[in-house]
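Everything below concerns the one structure shown next.
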Amino acid sequence: MFTNALPCRRRFIQGLGAVALNGLLQGGAPHFTPKVKRVIQIMCPGGVSHLDTFDYKPELIKRSGQPMPGGEKEVSFQGANGNLMRSPWEFVRRGQSGRWMTEKLPQLGALADGMAFIHSMTSRSNTHGPACVAMNTGFVFEGFPSAGAWTTYALGSMNENLPAYVAIPDVRGIPPSGPANWTAGFLPAEHQGISFNAAEPIRNLDRPEGVPEPADQATRALVQTLNEGHAARHAGDAELRARIASYELAARMQLSAPEVSNLASESQATHALYGTADANPLLAAYARNCLLSRRLVERGVRYVQLYCASRASGVDGLLNWDAHKTLKADYERHFPILDKPTAGLITDLRARGLLDDTLVLWTTEFGRMPTHQEGLLGRDHNPDAYTVWMLGAGVKGGATHGATDDFGRRVVSDVATVHDYWATVLHLLGLNHEKLTWYHNGINRRLTDVHGHVMHGLLR
């Protein structure tokens, strides 16, 4: 269905009929039997340090305070670097697999046996905005469709009353490059991620004051009649069909969105599992977003992009993981926010049987240097090495792909790119990344560009 995208898409649009949303609901058939039906992607903007979380380096600990061999005069994103700097925290073995993880993520550590780690991720940018966009779309330039948009374009929605794709920004703000991280790009507009979180419901959803419900319903019915007549006269107009689908979905969401956002209906035990009433307001806010994520996928949302942190602020490391100056203080603020709610989400998904066909991804845009910045106690950007992981349906828990050198500066085996990463995710969704295309500006575009290899060693 996806190899000859332009003519197939035109036939798809023309066959939508009176209710444009039906096409989105049906979507396309996967290329082969999928292991995964839905995805939750956790994104931590700021460039999380692999050397202080998941990539254990005994030699870095041993030689902390010494110059990095061959890198004594290296200049990175913000300038000169000092000596090697070990993590401020100990690494401990977790689970039956003995996975080395920082002591500061104990609850996630308890779930380590289910995680498959990629220690050899690389980025094409050392700047937050382009690198975040690259992690989410496969391209450093804005305007390309996000992974969530490609997924819903290929497979459609699994529900009638909620978006197929939801982006949940952190309460601290949107990530670097904002909506470019969940854009539909040149794909039809209905595949755009809908952005809202537990603190801020979907905007402009309620009926305006002074408009009674019968009048609102009559107006919608008239508009639908006019739209259908106009669409019938312009059968090949993709933008028109996309707009009709958006309006129809908005009408349904007036009833469904308040219900899915009503976290008060959850049990006290569930709230305690996530930490929604924690004394730390940022932890509690992220916990509510995690709980919202579970409620969304439970109700048929196919792709949820969940953010833990926001864009950079005037003070490095305050609002996200960009710890240039004071890594220890910054990460001791961020670790608890990430740990308990994320572990609660995974535990809850497993208890409800949702992990049987849900894939959980943990991502960031690049890593950090093994040295400290000259005159400071933080780490600079490192696009040459970072760590991400996945867990859930189709994933081989305890698996590892790639490795970095003794100091975590560069990848030394099985280099992985964002294209390899998304090729693997699409494979789990039953999609051949080379066949999932959209004809745009004279070329069949892909999420994986002209690259990408499935990392089969991570899959079961």
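The values are calculated or read from the model by the stated rules, or taken from the named source; none is laboratory data. From a predicted model like this one, the values you see are computed outputs, not experimental measurements. Cβ: placed from backbone, ideal geometry, glycine included. Neighbour counts: every protein chain shown.
Values as computed for the structure displayed
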{"item": "Residue count for the stretch 67-82, restricted to those that are loosely packed, with under 13 Cβ neighbours inside 10 Å and modelled with pLDDT of 95 or more", "result": "0"}
{"item": "Any hit, the stretch 309-327, residues being crowded, with 23+ Cβ neighbours inside 10 Å and assigned to a helix (DSSP H, G or I)", "result": "yes"}
{"item": "Cross-chain or 6+ apart pairs with Cβ under 6 Å, the stretch 205-232 first and within 22 Å of N161 (Cα to Cα) and surrounded by 11 or more Cβ atoms within 10 Å (Cβ to Cβ), then acidic (D, E) and modelled with pLDDT under 80", "result": "R207/D216"}
{"item": "Of all residues making up the stretch 392-406, the number that are of a type outside the set (S, T, N, Q) and crowded, with 24+ Cβ neighbours inside 10 Å", "result": "2"}
{"item": "Single residue of the stretch 367-411 satisfying the filter (of a type in the set (F, W, Y) and within 22 Å of M115 (Cα to Cα)) that is nearest to the chain's Cα centre (by Cα)", "result": "W389"}
{"item": "Any helices (runs of 4 or more DSSP H) falling wholly within the stretch 83-160 and containing at least 3 residues that are crowded, with 19+ Cβ neighbours inside 10 Å", "result": "128-137, 147-155"}
{"item": "Cross-chain or 6+ apart pairs with Cβ under 7 Å, the stretch 448-460 first and on the phi < 0 side of the Ramachandran plot and in contact (Cβ under 8 Å) with a residue 24 or more places away in the chain, then acidic (D, E) and buried (at least 16 other Cβ atoms within 10 Å of the Cβ)", "result": "H453/D420; M455/D420"}
{"item": "Candidates L338, L296 - the one that is more than 28 Å from S49 (Cβ to Cβ), surrounded by 21 or more Cβ atoms within 10 Å (Cβ to Cβ) and of a type in the set (A, V, I, L, M)", "result": "L296"}
{"item": "Scan of the stretch 46-82 for residues that are touching a strand residue (DSSP E or B) at 6+ places or on another chain (Cβ under 8 Å), on the phi > 0 side of the Ramachandran plot and part of a loop (DSSP other than H, G, I, E, B), ordered by number", "result": "G47, G65"}
{"item": "Which numbered condition A251 misses (of (1) modelled with pLDDT of 70 or more; (2) within 30 Å of W150 (Cα to Cα); (3) in a helix (DSSP H, G or I))", "result": "(1)"}
{"item": "Condition broken by G193, with the remaining ones in (1) within 21 Å of A154 (Cβ to Cβ); (2) in contact with an Asp or Glu (Cβ under 7 Å, 6 or more places away or on another chain) satisfied", "result": "(2)"}
{"item": "Close pairs (6 angstrom Cβ cut-off, 6 or more residues apart or separate chains): under 30 Å from L155 (Cα atoms) in the stretch 37-60, assigned to a strand (DSSP E or B) and of a type in the set (G, A, S) anywhere", "result": "none"}
{"item": "Residue check, S123 over 19 Å from the mean Cα position of the chain (by Cα) and in contact (Cβ under 8 Å) with a residue 60 or more places away in the chain", "result": "no"}
{"item": "Residue match in the stretch 436-454 (condition: crowded, with 18+ Cβ neighbours inside 10 Å and either modelled with pLDDT under 95 or in a helix (DSSP H, G or I) (or both))", "result": "no"}
{"item": "Counted residues, the stretch 330-364 - those being of a type in the set (A, V, I, L, M, F, W, C) and either on the phi > 0 side of the Ramachandran plot or without any contact (Cβ under 8 Å) to a residue 12 or more places away in the chain (or both)", "result": "1"}
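Rundown of residues vs (1) out of contact with any helix residue (DSSP H, G or I) (no Cβ under 9 Å at 6 or more places or on another chain); (2) under 27 Å from D406 (Cβ atoms); (3) modelled with pLDDT under 95; (4) not small (G, A, S), yes/no style:
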| site | (1), (2), (3), (4) |
| --- | --- |
| G109 | no, yes, no, no |
| G114 | no, no, no, no |
| S123 | no, yes, no, no |
| F141 | no, no, no, yes |
| F144 | no, no, no, yes |
| A147 | no, no, no, no |
